[in-house]
Structure formats: C-alpha cells, structure tokens
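Some notes on the structure that comes next.
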Amino acid sequence: MSWIASHFNYVVVVILMMAGLFIVFSSGNLIKRMIGLAMFQTSTGLFYITLSKVSGGTAAITLKADSETGRALAAPLDPAYVEQFGVDGVVYSNPLPHVLILTAIVVGVATLAVGLAIAVRIREAYGTVEADEINALSRVTAEQAEPSP
Amino acid sequence: MLVAAGVAGLVVAMSLMIVRAMIGPSHYDRILAANSFGTKTVLLIALMGFLFGRPDFLDIALVYALINFVTTIALMKFFRYRTLARPLGAMAREAGKDG
Amino acid sequence: MSGPTIDANFALNIALLLMLVAIAFAVVRTRSLLAAILMMSVYSLASAAWLMVADAADVAFTEAVVGAGASTVILLGAILLARGEAERVNWKLMIAPGALAVVVGAVLIYAAGGLPNYGDPASPANSHVGRAYLEQTYGDIGAPNVVTAVLASYRGFDTLGETVVIFAACIGVALMLGFGPRATLAPPTEIPNDQHVVLRVVAKLLIPLIALFALYVQFHGDLGAGGGFQAGVIMAVAIILHALVFGLRATMAAVPVRLARTVAALGVVVYAGVGVVCIINGGGFLDYDYLFSPRIEAMIPANLLGDPSHEHHWGQHFGILFIEIGVLLTVSATIVTMFYGFAGRTLETIEAERRG
Amino acid sequence: MAEALHWIGGALILAGALLSILGAVGVLRFPDVYTRIHAASLTDTGGATLMLLGMGLISPLGFVMLKLLLVWGFIMLTSPAAANALANAAFGAGVRPRIGTFQIMGEDKPGGSGPERSGEGTAS
Amino acid sequence: MIVLETLYVATPALTAQAPILAIVIPLLGACAAAMAPSARAAWMISVAAAVFGAWMALAVAGEAMREGVLVYVLGGFDPPMGIALRIDAMGALMGLLIGSVGTLAAVFSGHSLVAEVRPEKHTLFQAGFLLCQAGLTGLVFTGDAFNAFVFLEVSSIGTYALVAVGERRDRRALPAAFNYLIMGTVGATFYVIGVGFLYAATGTLNMVDMAARLATLDQSMAVQAGFAFILAGLGVKAAMFPLHGWLPGAYAGGPSLISVLLAATATKAAIYLMVRFMFEVFPQGAAFGEAFLTWVLAPLAATGAIVCSLQAVFARELRRMIAFSSVAQVGFIFLGVSLANADGLSASLFYMVAHGLMKATMFMALGALALSIGARRLDDFAGVAREAPWTAVAFAIGAASLVGTPLTMGFLAKWGLIEAAIASGKVWIAVVIAAGSVLTVIYVGRMIEAMFFRPPLPGAPRAKEAPIGVLAPLLVLAGLSIWFGFDASLIEQLSQAGAARLFEVRP
C-alpha cells in the first residue's frame, strides 16, 4: 500500500487538529475559540484511535471464536494472520487508546463547560465576547488604575 | 454486498446533508440538516454493525436516536428564547450589578 | 488488507474522514456561531461513526452522548447571551495563526511519516501493553469488555482522575454561574408551551424510557459498550429533556441545585471510598481484589452470575460496579449542574431585565 | 430460506438507502424550509423503516431484533416530533412558506421576500 | 542538619500508604468542602485536609530518601499494565513544597476569602483549592505519562474558574482566566499529542518502561516530534519564555489565595515534569536532546530572564510586577536545567523551592494588605510599612530572598546556580543570571522604597495590620526563607539526591 493510503488517517487528523488550532488563535470571538478548542481536542482523540486500529480487528469486547459472530469475523481473514495477531482466534483492535480517549473526551467537555462559563461571565461584565473589544475595555480599566504620568 | 451498497447510499445521503448544513441559508435549514444527518448516522451505525459482524452495537444507534432528538428540541427551544429576548446590552448591564 | 470486509472498512474510513474535513472547513469559514455549533454537532456525529469504523465502540458511545448531546446543549446555553455572529476578523490578523497552524501541521505530517501504517497489527502500540490487556483481562478480571476492564481496573486511577476533572468542572461552572440568593426568589414565568402538545406527550413517554436505558447502559458496561460515564450523561439528558419541555423551574423543584452539587461530590467519594476500603482491607489503593475481606467474599454465592464453574473475581466485579456508580453520580449531577448554570443564568438575567 | 431472507433484507436496505438519497436530494433542492422539512422527515422515517426491516430480516438473533424494534420506535417517535417542533419554531419566528410559482431549479436563496429574512435575523 | 525521619511520626501502615493518601485525602477533603454547610466548616475541612496532605508528603519525602525511589502500585497491577506512583527525592521535594505551601495557604484562606470572594462561593472555592492541591501532588508523584495529563487537568480545570473569581476585585481577571484556559488547554493537548507519538513508538505509557524502550530505538522523527510536543505543551504550563503570555494576567487577577498557590507550585510542577521527560525518559546523550538544551532551552530561558525582568521593572501594578518576575525566575530555573548535569539540576531544584517560598510570601503579604486596602498600583502601597509593619517586613524578607541577599534562601539558590554554570564552563549563563539579578534589585528596590520610605498618599485608604490568622502563615513562610538561608541541608539533601539519581541511572 502506498504511503498516502497507509498514512491517510494521520494526514486528515493533522488537518483537523490544525483547523481547530487555527480557529483558537485566529478568531476574536471567545465562543468560537472554545469551539475551535473542542475541535482540537477531539481530533487528538482521532489520532489515538487511528493508532489503535488493527486490520481485520473488531471492538475489544471478547467473543468466543467458535460462536457465530466469531466465525463470521474470522472468515474473511487469513488463518495465519489470525493465528499470529489474534487472541483466542479473534483479532481485536487495541483497547488501550480507547480508554485514554474516553478520559480525554471527558476532560474536553469539562474544559468546554468551564471556558464557556467564563465567557458568559465576560459577556456580563464587559457586554461583549469579542476579544478586541474586551482588550480595549481592559485598557481603560488599566489606565484608570494607573493614570498616565 | 447489498448491505455494503446500503452503507454507501447512506454515506452519499449524509454528504448531501452536510452540503445543506453548510449553505444554510437559514438556521432552520441547518437544524433540519443536522437532525436528518443524525437519523442517517443512526442507520449507518446500525448497518455497520451488520457489515462488520457485531450487530450487538445497536445500543449506540439507540443512544444516537435519543440524543439527536434531545439536541433538536434544545435547538428549537433556543429559538423560542431568542424571539423573546430583548436587546442584550440592557440585560448585561443589569446582570453586571449582580455579579 | 485482506477480504472484502476490510476494504469496505477502509473505504468507509476514508469517506467519513473526508466528511470530517469538509465539516471542519465549514466551521472555520462560518461566522455565525449557531451554524458553528450545529456543524460541531454534526462533526461529533460523523466522528462517532468513524470511531465505530475504527472499532472504538465505547469511544463512539461517549462521543455521541458528549459531543452531540451535552456539548451542543452547553454551547447553546452559552450563546443565548452572546451575539449570534462573530466579528469579521481582519485577514492580516489571520496570518500569524495561519502560519502557526501550517508550520505545526507540517511538522506533524512529517513526523507522522515515522508512524506505523494504519491498521498495522505489529506496531509497537498494538503489540506491547495493548495486547497484554487483551490476553490477560479475562483471567485477571473476568469482564468481557476489555475497555471497561482497563478503564475501571487496570487504569482505574486514571478514571478516578477523570471523575475528579468532571467534578472540578462542576465546581468551576457553579462558581462562575452559580445561583445567587436572588435567583431563588425570581417568579416562575416559563414560556408557554401551548403549541407543543406533541412534544410534551412524546417527552412524557420518553423520559422514563431514557432513564431506564441509562440504567441498562450502566449495568451492561462490562458486557458490552457502555459504562458509568455514558450512563451518567444519558441520565442527565433525561433531566435536561424534562427541563427543556416542562421548564427549568419545574426541574429545579425536582432536582434542586444544591442536591445536584452534593451528588457530584458524593460520586467522587464513592469512587475514592472504594479505593480506601481496599487499603483498609490490606491491599493497595483501588486493588479490588481486596475490596471484600475473605469472610464477606465467602458469603457471595458462587452462582451469582450463573456459571459457577468459572472462577470469579468478585472483588473485581463489584469494585467495577461500585466505581461505575460513583462515576454515574458525578457525571449526571455535573452535567445537570452545567445545564442549570447556563440555562438558569439566562432565565435569571431575562427576569432581571423584565423587572428593570 | 435464510438465503432468500438475506436477499430480501438486503434489497430492503438498499431501497431504504435509495429513499434516503432521494430525501437528501430533496432537502438540497427544495425551495423553502417547509418543503425541505417535508422531504427530510418523510424519507427519514420511511428510509429508516425500510432499512430496519431489512436488518431485521438479516439478523439471526432475538435480542438484536428487539433493539432494532426499539431503534425504529425511537425514530418513529422522535423524528416526526422533531420535524413538528422545527416547523413550529420556524413558523413562530416568522418564516412563511413560499407560495406561488418560482423557479425550482434556480437559485436556492430565498427570493428576496421579507419573511425568511426575518427568520434569519432572529436566528443570528 | 535536619534528618527528615525525625519530622514525621506515623505508623508503618500509614507510611506505606503515604503516597496515595497525600493525593486522596485532599481530594476527599474537596468533596467534603463542596458539601459543607458553611464557609467556616469548609475552611476547617480545607485546613485539615491540607495539613494531612502535607504530613503525608513529609512521610513520602522521608521514605524516598531512605529507599531512593518509592514505587506505589495502584489497583494491584504492576506497571506497565497498571498505573504506579513513582517518587524519587526530586518528586518528594516537589510534593513537600506543594504540601507545605498548600497548608499555609489554606490557613491564610480563612480571612482572605472573606475579603475577596462572595460568601456563598466559599465552600466551592475551598473545594476547588483542594482539588488543585491534589492535582498538583498527583502530577509530581505519578509515574505514568498519561496519568500525568489527567492530573495536569485536575489541577488546571478548577484553577481556571478560581482565577476568574478574582473578577470581584478586578474584572480583568475574567479575560485573564479565559486566556489561561485557552493556553493551558492548548498546552495540555500538545502534551497529549506528544505522549501519543511516544506511545506509538514504544507501546507503553509508563515512564520507566518508555525510557527503557526508547533507549533501544533509533530516534525516528516520530520520537523527536513526540518530545518536541511534550516539551512545548509543558512549556506553556511552565510559562517558558515565549509561551508565558497567560501568566501575568492570571497571577495578577486571581484572588490572593490562588496566586499564592499557583506562583509557588503550578509552574514548578510543570518544570519538574519537563525535567523528568528530558533526563529520565528521553535517552541521555542523544543528539536531539543535546541540541534542544543548548540551542533552544538555554537561549529562550536567558531571553526570558532578561526581558521579563525588564517588564517587571516597568510594570506599574504591584501584583503584575511580581508575576512578571515569576516568568523571569522560571528563566533562571531553566538556565540551570540546560546545563544538563547533576550540579545544574540540583541548583535548579533548590532554586524552584526557594522561589516557590519567596513568591508565596510576597503574594500572601499582598493578600494580607488587600484585606485593608484594595490597591493595585505600586503607588497605593506607599508607606504601608508604618501601618502594617509585620506584613511589610514579611514582604521585604520575600523580596530580599528574590534579590538574593545573603542570609536568605535566595542567596544560596542564586549562588548555587552561578557556581554550577561556572563549573560547567558556561560563563555566559552566570553572566545572564547576574544581569537578571541586577534588574531584580531595581524592581524590588522600587517596591521596598514605596512601602518603607515613602509617605502614604494623602487621602488613600490606610492599611491595617492583618489579623493573626493571616499573619501567622505569612511569618512562617518568611521564616522558612530565612531558616533555609542559614541551614538548607533539608532541601539540599533532597535536591542533590534527586539530581544525582537522574544522572547516575544512565550516565
């Protein structure tokens, strides 16, 4: 398989990550920035899951190889392949990244909620969620604090 | 094979829905597209269960159907509030006193 | 790549990823916040479908309930107060972030050249620890769902941290958007639902069903996809649906703000408490094999789970069960608290505006 | 017998997929929100019914059948309700259906008439 | 010379569980505080949990000194399959710093919160504070790369909101907190990406196992990118020079309690984790690592030390001044690290502790003054020494330590760094440190001059001496800076043992 086919996932995942990162740093709207951050974090999850996929594998919930599903899953695969990479006659995808990304998704939603909560408070305190307007207003506050010499 | 064709058909339909969600023009079109996309995802996931030989994952399709509904209701509700909301500047000033 | 199944898998992989890219660009381009939120919801749905293709059933489950459900509702709550459109950004201000993204992206893509091929069964990631879990879980823990076993037992400490993160978010949102004394005094003027008879009937039917389904997901977690986290979000979604249809006041009367906060803390206490019990019984923290003292373990009937011939790890079974309950409590209470915070804040301000 | 069921099921799934595509084309091409809702909700429920029926015919297991039935029930319950709510919200926000003759194949934008604009206005 | 074992008394059973209890007890305390009926009760829970956490950290430090490396297996599964806590002298030192500053800050919170936070938020605030402490302790104790991310987020997510609560005094705390959240999350996500690359290369998440497997691999692009992303991500959290933008606002805007805890511990924990990745996980002597230390870390650290010192000199708000000074001091610490030898690392560790204590002292003194005057500008603090002599003296001790006055801990710390730089033949680093110190003298001089030698502004609110509940932890902190200036054997033991172990493992 050519490089682009075997690494297609990584390329796409990187594009998604960078789309998120770009939104975070280019947008002046705080809520849009949070959306970008959510996208950035989610696509990191896709990166891990890409690592965990095993060709011909199935979700890591154990099956009996002689059950109907087990036989159906093993049927299209080369027996030698199953023998080498399978566990008890079934090939599974790697469960560890799944666990990590479950945690990361949770962290993501927690960050999103706290960030948006702060954004809502900013909206109430400043009357806007646009970064440049907030900066302008903050500068006013700072000058009130320190009258120019 | 027919299942695979069904999956392909769904993917095509989903792509068309994305186009509608992108071009809008009104937000109701977008909500409609998102909702319909959700229903198709439910079907896609159910079908993938059959295609990849693990039909026991229908639970996930079930959850999708449910979440999709709640999201659509939330969006609908969102519009109800917007129609009632008065100019936002006045509201923020009022809230500022409190916090 | 061998066999038609895998080719279908790979084709779907590519199709869904391309869909994700299209959605991501739509999010980048749009200035309407609502459109961006909708696209993010679609993004979540599509990425969850992709996760199914990549065999990550549990993650797909979570992404569905979190990304498409909880996140969307929270985001909607947040833009209730904000302007619907982001300001147009001067293109000159996009150069630096664009350059940053391009450079970092180029580094990542270049580095990705050193990564194993997609689906490589012999890659280091898939052969060392990951494979060991697959081989040992059934003997160590006895749960068919390896993801649940790793999540709750092998890496249970991570999951404790995850629960604490959610609890921290609960505290953070409550600190920011918590209810002052005035909010409790505000009169309940809910928007009339007169035109939504259909909705109310359907919701009445659905809410108990959803709660039931949450319990199924909860207790089915070590057999199939699912677990405390997903169940917690589903449970919270049931409550959110109630609030959406019957009004926040009615829901707050049934599930008060303070109760939600207490339950969130209680969930962490349950989780950490299981760990401490293990310590008291002479094991390490979260070592479920020490969850029961031998005397209690002897009292558990051997055929509790049917098959008495298989050697059961009762501590592991019950340990996972208990901590998943802790996760359920914290997660559901936190999501509800978040919803209260965002949706309730709006009500509060609208009422303040009405009086003022 | 099982073989025949398999083929019938597959055919139903394919039919459902085609219906979905049809609906999607409708959503893409129809002139206003209400006709699009119409296209989407009809084909969503119809396509779902056909597909789930097809899956039911293929499916060997009892428990899977039950879940399929539940998914179907959910979609049947929620999709029309959501469509109803959506149309209701759109109407409540002042979006009026486009009545009269207009070019179906032409520009997809609302034809400059006030109502749909106002819908956008409230939305943004 | 203090022997660590004499400082704590615990049953062997308790000592064996000390690593996990140091994390879990503050955690459970946070839950209890969130459920507490009153602010007073929450405060008492907070103090009790923090004291217990510090006691356990002390026990961990003693055990780590005795055994070299302390490994605590969680869940009964040995690493790499399970997660293990892994604490050497260096980690124990960080744990001790977090525990002790946390305890003093918890005591201090009793009064400071009343002045700065709305009363109905006190219970939640205490809960968030304890979560932050638990998260930081977990971060420095864990031996698992991904678990470190989880604890990084545990310590961060609550903190963002806690900083934002400072809006009551100054609404700029809100955008500062938001900025902190964005940068912190981007940093954490970079870290996760980096760990993902390393996981792809090694198949494991346990740091020791990872190091063993990396040593056998050639340094592919993936491994190098993994390290680059980990270091960049942690660099954001550690406020490494070009990535420090979030810090001044966050430290200046948050309530004093949070500034005390963050300034003393948060960046240090991130630096500590970076050090572990640089010298423990990444194969030593590898060309890539060397190049990073010499051509990236050292120049950036030097620039940061100078530029941010200058920014501190020209800052007008006192808290902002101290916050900029923190970024400059992070530069000093990294300069020591960039020497890549046991002396430099040990000096850096010592400096971290010294800096943590002095910054905690300074922020706490400002918090004590904020009880009576809600001032921000340097000018507002004119003459406070007359009204609040004890607080001002404590502040001056912290400031003196920051400058590096002899007989304070800061002197030993700076001396150690300069000595290590010269011994490594990198005189320019010693010169940068000296130059930075001169700048420090300038801005610290401005603070001291205003506080002690200027008459109060006419019509300005008069400062009052802080109550004993605030003064006690403040004076203890100041006293520690002095005490360790005379006898730093306790800190030296730990920092030298920690640094020596890292460079003996794989010379």
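The values are calculated or read from the model by the stated rules, or taken from the named source; none is laboratory data. Source: prediction; values computed, not measured. We place every Cβ from the backbone using ideal geometry, glycine too, and count neighbours over all the protein chains shown. What goes into the accessible areas is simple: the full protein's heavy atoms, side chains included, and nothing from ligands, DNA or RNA. Shrake-Rupley method; radii C 1.70, N 1.55, O 1.52, S 1.80 Å.
For this structure, a couple of remarks:
- Column: log10 I(q)/I(0), Debye, Cα scatterers of chain E, q = 0.05, 0.08 Å⁻¹: -0.17, -0.43
- Distance between modelled label sites at D:ARG96 and D:HIS6, nm, 7 Å Cα→Cβ extension: 5.8
- Scanning residues 5 or more positions from E:LEU70 or on other chains, those with amide H under 5 Å from its amide H are E:ILE87, E:ASP88, with H placed 1.01 Å from N in the peptide plane.
- Note on the range B:2-87: semi-axes of the ellipsoid equivalent to its C-alpha gyration tensor, largest first and rounded to whole Å, are 31, 16, 5.
- All Cα pairs of the range E:144-218, percent lying beyond 21 Å: 43
- Neighbour count of at most 15 Cβ within 10 Å plus DSSP loop: longest GluC sites (Glu not before Pro)-free window in chain C: C:1-189
- Relative to the longest principal axis of the Cα atoms of chain E, helix E:18-35 runs at roughly 50 degrees.
- Under the convention that each Lys and Arg Cβ holds +1 and each Asp and Glu Cβ holds -1, the size of the dipole of the protein assembly as shown around its Cα centre is about 3880 debye.
- Accessible area buried at the C-E interface, both sides summed, 1.4 Å probe (Å², nearest 100): 4500
- Taking the longest Cα principal axis of chain E as reference, the axis of helix E:207-216 is set at about 40 degrees.
- Chain C, Rg to Rh (Cα coordinates; Rh as Kirkwood inverse mean 1/r): 1.01
- Kyte-Doolittle mean at least -0.5 and Cα axial length at least 20 Å: DSSP H helices in chain C: C:4-29, C:33-53, C:95-112, C:156-177, C:197-219, C:228-246, C:257-280, C:314-339
- Net charge of Cβ neighbours under 12 Å - reference D:GLY23; Lys, Arg +1; Asp, Glu -1: +3
- Nearest 10 degrees, 0 to 90: helix E:39-67 Cα axis against chain E principal axis: 40
- Cβ-defined net charge surrounding A:GLY70, 13 Å radius [Lys, Arg +1; Asp, Glu -1]: -1
- Ranked packing of C:18-28, D:37-47, most packed first, by mean Cβ within 10 Å: D:37-47, C:18-28
- If the convex hull is drawn through the Cα atoms of the range E:380-499, its volume per residue in Å³: 108
- Stokes-Einstein, applied to the Kirkwood radius of the range E:1-155 over Cα pairs at a viscosity of 0.692 mPa s and 37 °C, places its translational diffusion at 209 µm² s⁻¹.
- Peptide E:121-127 has a mean of 4 when you count, residue by residue, the C-beta atoms of other protein chains within 10 Å of its C-beta.
- Estimated distance in nm for a label pair at E:GLU504 and C:MET299, the labels positioned 7 Å out from Cα along Cα-to-Cβ: 5.1
- Cut-off 15 Å between beta-carbons: net charge of the residues surrounding E:PHE484, Lys and Arg +1, Asp and Glu -1: 0
- The helix-only estimate of mean residue ellipticity at 222 nm for the protein assembly as shown, built from DSSP H runs of length n ≥ 4 each weighted as -39500 (n - 2.57), is -24000 deg cm²/dmol after division by the residue total.
- Judged by the mean number of other Cβ atoms found within 10 Å, the most tightly packed of the peptides C:106-114, C:220-228, B:61-69 leads the ranking B:61-69, C:220-228, C:106-114.
- Cα-only radius of gyration and Dmax that characterise the protein assembly as shown, units Å: 29.8, 101
- For the protein assembly as shown, with +1 on Lys and Arg beta carbons and -1 on Asp and Glu, the positive-most of A:LEU46, E:GLY166, E:GLY383 along the dipole: E:GLY383
- Filtered trypsin sites (Lys or Arg not before Pro), the range E:405-507: DSSP coil and at most 13 other beta carbons within 10 Å: E:ARG462
- Eigen-decomposition of the gyration tensor built on the alpha-carbon atoms of the range E:112-153 gives equivalent ellipsoid semi-axes of 29, 8, 6 angstrom, largest listed first.
- Residues whose amide H falls under 5 Å from that of C:GLU85, counting only those 5 or more places apart or on a different chain, are C:LEU33, with hydrogens built in the peptide plane.
- When only alpha carbons of chain A are considered, Rg and Dmax amount to 24.0, 85 Å.
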